[in-house]
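Okay, structure first, notes after.
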Amino acid sequence: QKKLEELVAVNGKIWDLESDIRLGKEGKLGLEEVGRRALKIRDLNSERVRIKNEVAERLGEFKDIKIDHASDSSGV
């Protein structure tokens with residue numbers, strides 16, 4: 001239950017950061033803000049993948065593995 005709550009919270013943060021970008025408001029935000037949000041989204045997505053993998057490991061399911069992806073924190 002706690003992991004599900006963590007996942008919902010992280011997804012909510014990602015959705016909030018992406019909202020104006022998805023609505024095409026990049027010009028209103030400015031490139032600096034869009035870049036700041038993109039970096040934060042990358043970090044949050046890495047956290048999201050970590051949480052999902054913790055749940056998958058507990059359930060004996062396949063992990064979500066990112067290779068050469070912005071959310072890949074393995075250094076591959």
inquiry  = Condition first: modelled with pLDDT under 90, of a type in the set (D, E, K, R) and open to solvent by 90 Å² or more (accessible area, probe 1.4 Å). Can you find one or more residues in region 36-58 that meet it?
reply    = yes
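Filter region 8-28 down to the residues that are aliphatic (A, V, I, L, M) and open to solvent by 40 Å² or more (accessible area, probe 1.4 Å) and list them by number. Working first, answer last.
Our first condition is that a residue be aliphatic (A, V, I, L, M); within region 8-28, this holds for 8-10, 14, 17, 21, 23.
Matches in region 8-28: V8, A9, I21, L23.
The values are calculated or read from the model by the stated rules, or taken from the named source; none is laboratory data. Note that the structure is a prediction, hence the values are computed from the model and not measured. Note: areas computed on protein heavy atoms with side chains; ligands, DNA, RNA excluded. Shrake-Rupley method; radii C 1.70, N 1.55, O 1.52, S 1.80 Å.
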